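To keep things clear, I will list the structure first and then write my remarks on it.
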Amino acid sequence: SGYAAASFSGDGTLAYIRASSISGKYSLVRIDRKGNIRQLTDVLRNYFSPKISPDGRRIALGISEGGKAPDIWTFDLDRGAFTRVTFGAGFEGDPLWTNDSKKVIFSSEQPQFDLHQKASDGTGAEESLVTSPFDKIAGTISPDGKILVYSESNPKTAEDLWVLPLEGDRKPRLWLQTAFGEIQPSLSPDGRWLAYVSDESRQSEVYVQPFQDRGERIQISDQGGMAPMWAPNARELYYFADDRLMAAPVAAGEKFKVGKPTMLF
């Protein structure tokens, strides 16, 4: 993958990890709240960024084979079958389902990473959604399916959060830009609240703000946090803290309240 794990000591001794150790293949598994693991397929591959479809029937994910850049595939949970969705020469990954489970939005190397979408069954052509000189990753779609929130890397302002209407003129607008990095946006099930990750405290933490008026911000994690995701009933906000999966109890109605996060596993 172009990554070398190596280091020299003061006397010139080289320590390194062999390529086969850092580019090994992975299992695709499902884990319950208690940490119990169930393997979904016996096929071992280089899997990246799995996302369950809104209808719960498939998983979209990146798969890299033969040392090549990953493409988007789907995995049917009932049949245990893989379907290839994209066939580009460059990197195509970080998938996000549309709300009807009919399309997948993803980053496509053009050579910068722009946002495209394609039918989840692999038919038809890729459709360009956002192009710019900077790399982009799709994050979350509003409950009505009309708005996409994504992050964009900018050499002057790190990562910023942008909003793209999926109907009409599809003109992107800036949602949050600071001197720090804001990534991994996740909208609450009612669309009122946006969770995201910022590194302004010198480590990545999870925050929540009102989505429409971007009012008062609430910090969720306090010992590091990444990859926030809402429970379907909006009563919990999940995130990773290193190798721990955390759950923060929340009340996300007209006003937002958060309790003490606990470790699930």
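The values are calculated or read from the model by the stated rules, or taken from the named source; none is laboratory data. Quick caveat: nothing in here was measured; it's all calculated off a predicted structure. Counting neighbours? That spans all protein chains shown, and the Cβs are built from the backbone with ideal geometry, glycine included. SASA here: full protein model, heavy atoms, side chains in, ligands and nucleic acids out. Shrake-Rupley method; radii C 1.70, N 1.55, O 1.52, S 1.80 Å.
Could you list, in sequence order, the residues of region 102-123 that are in a strand (DSSP E or B) and touching a Lys or Arg at 6+ places or on another chain (Cβ under 8 Å)?
K103, V104, F106, S107, F113, D114, L115, Q117, K118, A119
Under 6 Å by Cβ, and 6 or more places apart or on different chains, what pairs join a residue from region 201-216 that is surrounded by 10 or more Cβ atoms within 10 Å (Cβ to Cβ) with one that is among the polar types (S, T, N, Q) and part of a loop (DSSP other than H, G, I, E, B)?
Matching pairs, first to second residue: E205/S221; V206/S221.
Kindly indicate whether any position in region 47-55 is under 30 Å from G145 (Cβ atoms) and basic (K, R).
yes
For region 174-190, which residues satisfy the criterion of being open to solvent by 10 Å² or more (accessible area, probe 1.4 Å) and assigned to a loop (DSSP other than H, G, I, E, B)?
Q177, T178, A179, F180, P189, D190, listed by residue number.
A quick yes/no check of all residues on (1) at pLDDT 95 or above; (2) more than 20 Å from the chain's Cα centre (by Cα):
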position	(1), (2)
Q177	yes, no
E182	yes, no
S201	no, yes
Y207	yes, no
D213	no, yes
G225	yes, no
P232	no, no
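Spot the failing condition for L129; the list is (1) in contact with a His (Cβ under 8 Å, 6 or more places away or on another chain); (2) in a loop (DSSP other than H, G, I, E, B), and only one is missed.
Here L129 meets the rest and fails (2).
Check off (1) farther than 21 Å from P143 by Cβ; (2) of a type outside the set (S, T, Y); (3) in contact with a Pro (Cβ under 8 Å, 6 or more places away or on another chain) for E182 and give me the number that stays unchecked.
Result: E182 fails condition (3) only.
Search region 233-244 for residues that are at positive phi and pair each with any residue that is surrounded by 18 or more Cβ atoms within 10 Å (Cβ to Cβ) and among the hydrophobic types (A, V, I, L, M, F, W, C) when their beta-carbon atoms are under 6 Å apart and the residues are at least 6 apart or on different chains.
Partner pairs satisfying both residue conditions: A234/A252.
Residue-wise test of (1) open to solvent by 10 Å² or more (accessible area, probe 1.4 Å); (2) farther than 25 Å from I52 by Cβ; (3) polar (S, T, N, Q).
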residue	(1), (2), (3)
L96	yes, no, no
Q112	yes, yes, yes
D121	yes, no, no
I137	yes, no, no
T140	yes, no, yes
K156	yes, yes, no
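Please enumerate the residues belonging to region 89-100 that are more than 19 Å from L164 (Cα to Cα) and part of a loop (DSSP other than H, G, I, E, B).
The answer is A89, G90, F91.
So, in region 73-87, of the ones that are part of a loop (DSSP other than H, G, I, E, B) and not hydroxyl-bearing (S, T, Y), which residue ends up surrounded by the fewest Cβ atoms within 10 Å (Cβ to Cβ)?
Filtering region 73-87 for residues that are part of a loop (DSSP other than H, G, I, E, B) and not hydroxyl-bearing (S, T, Y), the one surrounded by the fewest Cβ atoms within 10 Å (Cβ to Cβ) comes out as D78.
The conditions are (1) surrounded by 15 or more Cβ atoms within 10 Å (Cβ to Cβ); (2) closer than 26 Å to R214 by Cβ; (3) small (G, A, S), and G145 fails exactly one of them. Which is it?
Among (1) surrounded by 15 or more Cβ atoms within 10 Å (Cβ to Cβ); (2) closer than 26 Å to R214 by Cβ; (3) small (G, A, S), the lone unmet condition for G145 is (1).
Could we say that I105 is touching a strand residue (DSSP E or B) at 6+ places or on another chain (Cβ under 9 Å), within 30 Å of D42 (Cβ to Cβ), open to solvent by 50 Å² or more (accessible area, probe 1.4 Å) and of a type outside the set (D, E, K, R) here?
no
Go through region 28-72 and tell me which strands (runs of 3 or more DSSP E), entirely inside it, have 1 or more residues that are over 21 Å from the mean Cα position of the chain (by Cα), at pLDDT 95 or above and of a type in the set (S, T, N, Q).
Correct list: 37-39.
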